[in-house]
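Written out below as structure tokens is the structure these notes cover.
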Amino acid sequence: MNPSTTHVSRNEDVILSKSIKNKNSCPAFKTMIGGQAVIEGVMMRGKTHAAISVRKEDGTIASETWELKDSKILSAVKKIPIIRGVVSFISSLVTGYQSLNKSVELSGMTDDLEPESKFEKWLTDHFGNKLTKFIMIFATVVGVAASMFLFMYLPSLIASILGQWIDLTKYGSVIEGIIKIAIFVLYMLLVSQLKDIKRTFSYHGAEHKTIFCYEAGEDLTVENVRKFKRFHPRCGTSFLIITLIISVIAFSVVTWSSPLLRVLIKFLMLPLVMGLSYEIIRLAGKYDNWFTHILSAPGMWMQHLTTNEPDDSMLEVAISAIKPVLPENREDSKW
């Protein structure tokens, strides 16, 4: 795809610029294009293609673009409310993991790794891709288990202990929700202090600024992208926060007789919670009014932790990542 064909005409730019009163507010045109920060770079996902760009140690930008293909069944499922939220979440996890691996390869970090030991070489020779898939599945299972402990079991356990002094049937879910959100905020606060994570969160800010610039109809240049804000209402952070809030409401009907039983029932209800959260994010993505501003507010606040201001070199990477996924007809990327 020729990146030059993705830009709207100057006349369209003027019309769009006039229709936007404040460039730091949500642009009138809202795109379904999204992305994520990766190691030293950004991944962007459009309707038909995804692309990743990373900054290598020598200062150059390495990029890769691939086509997104869904089976007929998957395409049909993605049109069903609630269910499409679960499918999109799983799809995002898979794409995100693959993008992180691609970013490591493109950045050249694998070149600095120590040579394989004899045991590692034996594993690679005998299992090859199967070993990689196993590690991916194992890491996912461990990640899910850790998340369930931190955000499901631990809040329920703490609330159950507090049940000695409070009536859990009346206030248990609210207290559990406050504990859950506090754990999440504390976790993000601690993680955001790590040096490598700070850089990744800066690329996260670059991703948002670049999408805002495209939505505003301006040319994708560093100068133009730089002036936009780094907080975007359709960010994955917003999805996580909304999921936490919806879970407080949904789990209010779950029994307090046993922390383990409560966690099991909540786990079974999780797809419904994720599906509802996705529909809310989708609503906020389509419309721009006081109601959607309220829905987006918690996630926007949280982005003060999950995004940092990027430098110009990071903006260049984000621009490089978004250009290959832009459709020739701008309207094809509309949410």
So for the range 235-242 (the condition being of a type in the set (S, T, N, Q) and closer than 21 Å to LEU186 by Cβ), does at least one residue qualify? yes
For the range 46-89, enumerate the residues that are open to solvent by less than 60 Å² (accessible area, probe 1.4 Å) and assigned to a strand (DSSP E or B). HIS49, ALA50, ALA51, ILE52, SER53, VAL54, ARG55, ALA62, TRP66
Mind listing whichever residues of the range 188-234 are open to solvent by 30 Å² or more (accessible area, probe 1.4 Å), assigned to a helix (DSSP H, G or I) and out of contact with any helix residue (DSSP H, G or I) (no Cβ under 7 Å at 6 or more places or on another chain)? LEU190, LYS195, ASP196, LYS198, ARG199, THR200, GLU223
Of all residues in the range 283-292 being within 19 Å of the chain's Cα centre (by Cα) and in contact (Cβ under 8 Å) with a residue 60 or more places away in the chain, which is farthest from ARG234 (Cα to Cα)? LYS286
Residue that is β-branched (Val, Ile, Thr), closer than 11 Å to MET43 by Cβ and at pLDDT 85 or above, where the choices are THR60, THR65, THR95: THR65
Which one of these does ARG262 not meet: (1) at pLDDT below 90; (2) out of contact with any Phe, Trp or Tyr (no Cβ under 8 Å at 6 or more places or on another chain)? (2)
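Listed residues LEU276, LEU260; which is of a type in the set (A, V, I, L, M, F, W, C), in a helix (DSSP H, G or I), more than 24 Å from ILE52 (Cα to Cα) and over 17 Å from the mean Cα position of the chain (by Cα)? If you could, list the steps in order and put the result at the bottom.
Working: LEU276 fails: over 17 Å from the mean Cα position of the chain (by Cα).
The unique qualifying residue is LEU260.
The values are calculated or read from the model by the stated rules, or taken from the named source; none is laboratory data. Note that the coordinates shown come from a computational prediction; the quantities given were computed from them, not determined experimentally. Neighbour counts run over all protein chains shown; Cβ positions are idealised from the backbone, glycine included. Calculation scope for accessible area: heavy atoms of the full protein, side chains included, ligands and nucleic acids excluded. Shrake-Rupley method; radii C 1.70, N 1.55, O 1.52, S 1.80 Å.
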